[in-house]
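The values are calculated or read from the model by the stated rules, or taken from the named source; none is laboratory data. Bear in mind that the values here come from a model prediction, so they are computed numbers and not experimental data. We place every Cβ from the backbone using ideal geometry, glycine too, and count neighbours over all the protein chains shown. In case anyone asks, the SASA skips ligands and DNA or RNA and just uses the protein heavy atoms, side chains included. Shrake-Rupley method; radii C 1.70, N 1.55, O 1.52, S 1.80 Å.
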Amino acid sequence: MKNVLIALITFICSTSLWAQPTQTVRGTVVDNESQYPLIGVNVILTDQAGEQKGATTDIDGNFRIDGVLVGRAALVFSYLGYENHEIPDLIINSGKEVILDIQLAEAFEKLEEVQIVARKAGEVINDMAIVSAREFSVQETNRYAGSRGEPARMASNFAGVQGADDSRNDIIIRGNSPQGVLWRLDGINIPNPNHFSIPGTGGGPVTILNNKFLKNSDFFTGAFPAEYGNGIAGVFDLRMRNGNNEKHEFSGQLGFLGTELMAEGPISKSSKSSYLATYRYSTLQLFQFLGINVGTDAIPQYQDAAVRFNFPLKNGANLSFFGIGGLSNIDIVLSEDMMPDTSTLIFGSNDRDQYFGSRMGVMGATYTQPIDQNTFLKIGAAASQSRIAAYHEYLARRPEGDMWVWGEDRMPPILDYTFRENKYSAYSFVNRKINSRFSYKAGINVDAFDIKYIDSVRQVSFDNDPSDIELSDWQTRWNAEDLTFLVQPYAQFKYKATRKLTMTGGVTALYYSINSNSLSPFEPRLGLAYQIDNRQKLSLGVGVHSQVQSNYLYYYGSSNADGTVNEYNKDMGLLRNNHIVLGYDINLGKSMRLKAETYYQFLNNIPVDPIDQGFSIINSGSGFSRLFPNELENAGTGQNYGVELTVEKFFSSNYYFLITTSLYDSKYRGYDEVLRNTVFNGNYTLNALFAKEWKFKRSSLNLGGKVTTAGGRRFGDVDAIATVENQEIRYLTNENLFEQQFRPYFRADAKVNYRFNTNRLTHEIAVDFVNIFNTRNILTLTYVPDASVDYQREEYQLGFLPLFYYRIDF
């Protein structure tokens, strides 16, 4: 080990003796509201050696700076009558050109040269957003320890967001269910973009999204603008980047989570059209070989891909085609083991063989057409599919010593379901800037759902011998084919009333054709921002938000004798959430800021159960199980309130840190109108991230870490009778429902990253050490068919997990 360290130090030091490679930084600068190219924008770049280079945008808004030293650089974009735009931390590698899409905001007085106000790191791209919003970059998804390159896991570090579940990337925003998060890609509302996803959930174990094809995007946690409908908790507004339109570039990555390939380049250099394609294949067999527990003895397999073709057209128009998709499957086969170790089955049950597969895909196109210097039109269309299938065989056996004794009916099938949802989406909007003070945007989003749900199950019962079983008749729980439509028109505006006061407002509506109860005709949104001085800002946001229920819940019901299903929840109405947020921002220096927000949310029209009167649908939306409700009524309410604090030092002087904390309370009332904690009411979350970089001429070494602690999930007294009947944990509806709490969640992560540049190649080696202290956090209670343990057992989350990868760009 000593010799290895000496060799590594010698190699790093020797790189400083070589000539440092250079790279090109180029891009386009446009007006952020009209999207019209800006001519004559001054671009100043300061490299890591402190030397400056400059450029000016041409008639098409393009700029180019050649011969930039690799490493980190800072850019400033300035233009008469516009606010400055700063990029303080730009990573430049020899393996890929840096291509930027910059949007400048017009100043309050057009002829005034603005120097004291500038758009800085972390500020949201969508200028209609006043509160509870921030931009996240691809660099951040790579930089944060424990994020694994995923947008959702990265966002769990932000104030108000909790992701304290190592087995999944569900995020809980301000105490809301993860299913309240809206996912959008290039303007299209997309299905759950995760492998091994479960109907009605907002996350999964692994994302289909690859941060290599994303560009800087927006994340909202409350009171979001009117253009976002059918979401009550938060929004991921993701954007795909275009490929390099001048030269072909390639990337490859090999790691514990899979093998990745990426290619991009020009289709036609003369027309500046480009392509971008990525592919990833993964199997976790390597973890099994190394004896690392990933939650199951089975080997999950998944693959995903993305593609984008971009065609600039005449007069500033643009046409793009894009697609993403993923396949995943896992076979948990316990029947082949002589004596299975069921203690590792986070993702399965210990009494059956389970075969599970899922797939998700989106293909779409967008077209942008400038109408004049102040107006542009954009339209988009897409087709998507999500499909989930499962098949279970019961293991009729009992243990005797170190062997299994099998019953007469060894492995009868007990579950077979396939859920398929095709969606056809379209949107259109017009954005117009009247003058430097007023702009508006109006549009419509339309989705058509073509669904097919098939599900049959039969129950297993036995007395004392689990190998001597009785099987019920097959019961059909879903048998539906349907076509429904979701329509969301909206209009919104931005008005700079004075130099210090900015107002945004809008209105939207939501209609779902599945029933007459799914109409929200008027949802107003309002935002106010007051710039106290150059350092401080106050902000206020209010809004009414609504969301349809998970589609599969409308079609669940009891089985009729003829095989049809009594769909008793087909008339469920929309769930509604009213937001109010007050925020305060202060810059503590050139690269540090403090942000505080307090909020209150009132939820109503929540589906609750008149029979199981403590049930509320807002307690669902995470985990690996579907929901099987009784007949529900929209009679429940809920409330979330809290305060959040962020202290962030953006990368400068070779280090950065981010500290976020949230104190919150999340309560609901079921059909019995008793005020209870929601299952997601952990009451507090604290995140602390930091990283330090050491620079060399051709390379850099980064060391980072993260500590997270959060209040534990809620649970109640186990209903033994209902638990045995349903073979899953069911709680009693009493005064203790969700009053008990698992012990607090704690996890510490670390990341080591080394990047080395040659003249044309960039090599990157990194290890993400997840849960470095191997903390045994409780995931949930799980059903055990053994009365001696009260039919329950604590399941623990993943332990220590080293994630290594090697990447090369050229």
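List of remarks:
- Number of residues in the range 56-98 that are of a type in the set (G, A, S), in a loop (DSSP other than H, G, I, E, B) and crowded, with 18+ Cβ neighbours inside 10 Å equals 3.
- Filtered by the rule that a residue be open to solvent by less than 50 Å² (accessible area, probe 1.4 Å), in contact (Cβ under 8 Å) with a residue 40 or more places away in the chain and of a type outside the set (A, V, I, L, M, F, W, C), the range 506-520 gives G506, T508, Y512, N515, S518, S520.
- Assessment of the range 558-574 against the conditions (assigned to a loop (DSSP other than H, G, I, E, B), out of contact with any strand residue (DSSP E or B) (no Cβ under 8 Å at 6 or more places or on another chain), surrounded by fewer than 16 Cβ atoms within 10 Å (Cβ to Cβ) and not basic (K, R)) yields at least one matching residue.
- Residues located in the range 609-653, provided they are under 30 Å from I91 (Cβ atoms) and among the charged types (D, E, K, R): E644, E648, K649
- Criterion: closer than 30 Å to D372 by Cβ, modelled with pLDDT of 90 or more and over 30 Å from the mean Cα position of the chain (by Cα) - qualifying residue of L415, L501: L501
- Within the range 428-443, restricting attention to residues that are part of a strand (DSSP E or B), of a type in the set (A, V, I, L, M, F, W, C) and surrounded by fewer than 17 Cβ atoms within 10 Å (Cβ to Cβ), the residue that is modelled with the highest pLDDT is V430.
- Reported count of residues in the range 264-284, each being closer than 20 Å to K215 by Cα and without any contact (Cβ under 8 Å) to a residue 40 or more places away in the chain, is 8.
- Pairs where the first residue, in the range 668-681, is free of Cβ contacts under 8 Å to residues at least 60 places away in the same chain and the second is open to solvent by 20 Å² or more (accessible area, probe 1.4 Å) and among the charged types (D, E, K, R), C-beta under 6 Å, 6+ apart: L675/K667; L675/R669
- Out of Q492, Q536, Q549, Q488, sole residue that is in contact (Cβ under 8 Å) with a residue 24 or more places away in the chain, surrounded by fewer than 20 Cβ atoms within 10 Å (Cβ to Cβ) and under 27 Å from G222 (Cβ atoms): Q536
- For the criterion of being buried (at least 19 other Cβ atoms within 10 Å of the Cβ) and within 24 Å of the chain's Cα centre (by Cα), T678 passes.
- Evaluation of K53 against the conditions (1) at pLDDT 90 or above; (2) open to solvent by 70 Å² or more (accessible area, probe 1.4 Å); (3) assigned to a loop (DSSP other than H, G, I, E, B) shows that the sole unmet condition is (3).
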